[in-house]
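Peer 1: One structure is given below, represented as structure tokens, and several questions about it will come after.
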Amino acid sequence: MADLVDGRGPSRGTDGDFGSPYQGLPLLYHLSFLHDLLNYSTALLWLLAYVALMLKVQRERNAYGLSFQSLFALVWVEVSNVLLILCLLVYHNKPIHAEFFIVDCSSALISLAAFVYINRYFSSTYESQRDNFGKRFCRLLCGKLCVDKFSWLFLYLVAFIISCPMFFLRRSKYAAPLAVIASNGSFRLFALTALSFWECFNDSVLALALVPQLFMFYNKRPRKVTNLLGTFVALLFFARICAFLYWLTFTWFHTSEPTGRGIHLLTEALNILILLDFLYHYIRAKLAGERDISLPI
């Protein structure tokens, strides 16, 4: 999720690859600031989502209904994204632009600060027995061999499995053939390939990050989600919509196309599809004037 777009520096949800240049200028090349607005909108919606989350824990004085697995996954994605961008900037010897701090660093700091705060002051109200997404599936797969305290790693295992075909499909110039790396023994080739896989893994974790949260919602009786917690998830959904549109319209504004664009579109679409059912019930509840969100049994 890190990229150098037209040599301007890092941009949220991009992949560090310059990609293929186009013949002539794109249709909206001179209006590229409009495309940047989608990038900033993603960060703004992310911020508003965490504002809703902090209001929830402050007003209710508890973390009921909140998945710490999802919160940690969101922190992982944002912090990992910042580190990935820094690695790419160092490799390409590119300067750090303000957009990196405004979009990427701010999102990472917000996510990290919220997680640390909630974990410190409200962990006693954390419903760990209900936040059992990984535990449920680990027991299904491993039976008695499942170790409950490591079950939270299940999400990252699934993300790793998803990222493997993504890595081979994305056609990044960074991803040298594995046979070449083995025969060459070049650390440089290995590092570039590792960066490419790292990006695929980040995208996969982001796509799955809210699955444990939805799992908590749908395994509760009665299936009611409080207003602010529902708003937190809904705003993250709209942030993913902005990210999807950013990639969809990329070629309208820029003179080159990152090779990972198709993979980013795929993972953002997966993220949206995962959240779509919840958003439908969220909007329906708001249109009906209901404060809490009722989910079907």
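Just so you know, all these numbers are worked out from the coordinates, no wet-lab data involved. Small disclaimer: the values here were computed from a predicted structure and weren't measured. Positions of Cβ are backbone-derived with ideal geometry, glycine not excepted, and every protein chain shown enters the neighbour counts.
Peer 1: Give me H30, H281, H264, H254 sorted ascending by neighbouring Cβ count inside 10 Å, so fewest comes first.
Peer 2: Numbers: H30 9, H281 17, H264 26, H254 22.
By the 10 Å Cβ count, ascending: H30, H281, H254, H264.
Peer 1: Now a separate question. Using 0.36 nm per residue, how much length does the chain from F150 to L109 gain when fully extended, once their Cα-Cα distance is taken away? Each step should come with its number before you reach the end.
Peer 2: Working: separation 41, 0.36 × 41 = 14.76 nm, distance 2.59 nm.
Full extension of this stretch gives 12.2 nm more.
Peer 1: For the residues Y29, Y50, Y280, what sequence is obtained by ranking on other C-beta atoms within 10 Å, fewest first?
Peer 2: With the sparsest Cβ surroundings first, the list reads Y280, Y29, Y50.
Peer 1: Over the Cα atoms of the range 201-297, what is the Rg over Rh ratio if Rh follows Kirkwood?
Peer 2: On the way: Rg = 15.6 Å, Rh = 14.6 Å.
Answer for the range 201-297: 1.07.
Peer 1: Determine, from the Cβ-Cβ distance of C142 and N219 and an R0 of 22 Å, the FRET efficiency 1/(1 + (r/R0)^6), rounded to the nearest 0.05. Walk me through the intermediate numbers first.
Peer 2: On the way: r = 20 Å, r/R0 = 0.91.
Efficiency, from the Cβ-Cβ distance: 0.65.
Peer 1: Taking other Cβ within 10 Å of each residue's Cβ, how do S163, S80 sort, fewest first?
Peer 2: Working: S163 24, S80 19.
Placing the least packed residue first, the sequence is S80, S163.
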